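For reference, the structure is listed below as structure tokens.
The values are calculated or read from the model by the stated rules, or taken from the named source; none is laboratory data. Quick caveat, the model's predicted, so the values are computed rather than measured. No Cβ is skipped: glycine too gets one built from the backbone with ideal geometry, and neighbour counts run over all protein chains shown. Quick note on the areas: whole protein, heavy atoms, side chains included, nothing else; ligands and nucleic acids left out. Shrake-Rupley method; radii C 1.70, N 1.55, O 1.52, S 1.80 Å.
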Amino acid sequence: MKGVTLSPSPPGDVDVVLPCLDEAEALPWVLARIPAGWRALVVDNGSTDGSAELARDLGATVVHEPRRGFGAACHAGLAAATADVVCFCDCDASLDPSLLVPFVAEVRAGASDLVLGRRRPRGRGAWPVHARAGNLALARLLRRRTGLALHDLGPLRAARREPLLGLGLTDRRSGYPLQMVVRAADAGWRIAERDVPYLPRAGASKVTGTWRGTWQAVRDMSGVLHENPARERAAR
């Protein structure tokens, strides 16, 4: 970013994909922090707590994805997006979507192609030790695979929609965020990492709340790291 001046992102032409599974408790807080003029795409992944109806009542666009999986929800949101720049953010109130404003500015300025949030925990229990350990292990494997010196594979991120679609992402489970980074790196994208505060989530975690869930996610992501780039490009 040296030598590049970033101005605040203007409103409009930004979609924020929010994968959602039973997040009624967190939705009001999250949607209230979507920057003015941006569109919130809440991708309901089979909620039974009224999340979809609440999101719609709060002004969000609701996309239904019946196939369970974090990647399935994220990709359904990306497919439904129409804006030039697409952002991703968890829907559990652990991350503030207003923090995406400088990410979008950086993408629009041409300083980076993909901007990722490096989570910095705030408050007790924000990031359980097993989840941090799994994330650290994956970051090290990612560096070995791509050369990227990233510290986190967090869900807060921004990039342009058409190039994202061009990556041909196929993972529909926990490996989706990592596959995005791996394929972007293989394609020569400029990838940046910016610190963001990470808060205790509202409600129970579906993935990182347990050792079992964390290591299932690590297993999903490890498979992504063993993709054959040439074979994947040929398949696309």
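Couplings for the range 44-53, taken from phi via the Karplus curve 6.51 cos²θ - 1.76 cosθ + 1.60 with θ = phi - 60°, read 7, 10, x, 5, 10, 9, x, 4, 4, 5 Hz in order; Gly and Pro are left as x. Panel note: the C-alpha atoms of the range 106-184, placed on their principal axes, show extents of 38, 25, 24 Å (largest first).
Three principal axis extents of the range 8-138 based on alpha-carbon atoms, in descending order, are 40, 36, 25 Å.
Using a 1.4 angstrom probe on heavy atoms only, work out the carbon and sulfur share of the accessible area of the range 11-107 in %. Before the final figure, lay out each step's value.
Numbers: 1820 of 3410 Å².
The computed percentage sits at 53.
Label sites at Arg67 and Val129, each approximated as a point 7 angstrom past Cα along Cα to Cβ, lie 3.8 nm apart. Here the range 70-118 is treated as an ellipsoid with the same Cα gyration tensor; its semi-axes, largest first and in whole Å, are 19, 15, 9. Once both labels are positioned 7 Å from their Cα atoms along Cα-to-Cβ, the gap between Asp84 and Ala36 label points is 2.1 nm. Using the Cα atoms of the range 44-99 to build a convex hull, what is its mean projected area in square nanometres? Averaged projected hull area, Cα only: 4.3 nm².
Jot down the per residue volume, in cubic angstrom and as a whole number, of the convex hull over the alpha-carbon atoms of the range 147-203.
Values: hull volume 6.5 nm³, N = 57.
Spelled out: Cα convex hull of the range 147-203, divided by residues, is 114 Å³.
Once backbone amide H atoms are built at 1.01 Å from N, Leu116 has Ala192, Glu193, Arg194 as its partners under 5 Å, excluding neighbours fewer than 5 places away on the same chain. Multiplying the residue separation of Asp57 and Leu165 by 0.36 nm and removing their Cα-Cα distance gives an extension gain of 35.9 nm.
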